[in-house]
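The values are calculated or read from the model by the stated rules, or taken from the named source; none is laboratory data. Keep in mind that this is a model prediction, so the values were computed, not measured. Every residue, glycine as well, gets a Cβ built from its backbone with ideal geometry; the counts of neighbours run over all protein chains shown. Calculation scope for accessible area: heavy atoms of the full protein, side chains included, ligands and nucleic acids excluded. Shrake-Rupley method; radii C 1.70, N 1.55, O 1.52, S 1.80 Å.
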Amino acid sequence: MSLQYNPFSLSDKTVLVTGASSGIGRGIAITCSKMGASVMINGRSMAKLKETFSLMEGDRNTIVAGDLTDKASLMEIVGKLSKLDGIVHCVGVGQRMPCKDLTDNDISQVMDVNFKAPVLLQAEILRQKKINKGASIVFIASIASWSPSMGNSMYSASKGAVISYANCLSLELAPRKIRVNCISPAMVWTDLIQNEAVDEKQLKEDEKKYPLKRYGQPEDIANLAVYMLSDASTWMTGSNVKISGGGKLS
């Protein structure tokens, strides 16, 4: 009996997922492993990465812990990587602060993690030729890049910068058939939003405004990431896909 054709399968693909210690990154790492990928997971907390690792399927997954904002650590991480067929840049931090109160340190805290780290990681991966022809690169951005909210300026700016960078990267890597796309989720139930100074009851009320009557779950974003990583999306590059539960967010 012949095997059923599945263009969404990640079998025989090696995928790096950053920010895999929790939230969307963890969800993507787990789902990619279920779809047959060999997944390399990165984050700063070894304890949290081990939690993610324990939830993954298959016996070809590996942990490459380290701080991507530290140059020496970044170089060490890239040196440990196998040749990659997919990368999901998911590392990120949030911040709520009025524009008038922002300092140089506040800007660096967000931009260094959300923008500078993935850009320098991607550059080093390319320099060390750790990515295969025909690979797929996915950046987790946010609807915050064009849907403003009070106190969210630096997070919004960092995600907007990621999208602009990814657009240029997609053109540069197109001759090698390497695809570069972004995913821009609306609100997703993760530690990131629950750790902010926002009342959970308020969040529960807000999610009722979505046409599908709920915020997203990490698995919702993970399934879209799998599509972008798989051979089902070989004619897709330079795109930024909004996933918002139907919300018409400005």
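Would you point out which residue out of LEU229, LEU224 is open to solvent by 30 Å² or more (accessible area, probe 1.4 Å) and within 19 Å of the chain's Cα centre (by Cα)?
Exactly one residue qualifies, and that residue is LEU224.
Is it the case, given these coordinates, that GLY79 is surrounded by fewer than 20 Cβ atoms within 10 Å (Cβ to Cβ) and at positive phi?
When the stated conditions are applied, GLY79 does not pass them.
Filter segment 57-76 down to residues that are touching a strand residue (DSSP E or B) at 6+ places or on another chain (Cβ under 7 Å) and within 24 Å of ALA141 (Cα to Cα) and give me whichever is least open to solvent (accessible area, probe 1.4 Å).
Top of the filtered list is VAL64.
Answer yes or no: is there a residue in segment 43-63 that is within 18 Å of ALA123 (Cα to Cα) and outside any loop (DSSP other than H, G, I, E, B).
Checked against the condition, which is being within 18 Å of ALA123 (Cα to Cα) and outside any loop (DSSP other than H, G, I, E, B), segment 43-63 yields no hits at all.
Quick check on this structure: which one of LEU120, LEU169 is out of contact with any His (no Cβ under 6 Å at 6 or more places or on another chain), in contact (Cβ under 8 Å) with a residue 12 or more places away in the chain, part of a helix (DSSP H, G or I) and open to solvent by less than 20 Å² (accessible area, probe 1.4 Å)?
Only one candidate qualifies: LEU169.
Looking at segment 123-157 only, could you name the residues that are more than 24 Å from VAL64 (Cβ to Cβ), open to solvent by less than 50 Å² (accessible area, probe 1.4 Å) and either under 16 Å from the mean Cα position of the chain (by Cα) or not hydroxyl-bearing (Ser, Thr, Tyr) (or both)?
Selection gives SER142, ILE143, ALA144, SER145, GLY151, ASN152, MET154, TYR155, SER156, ALA157.
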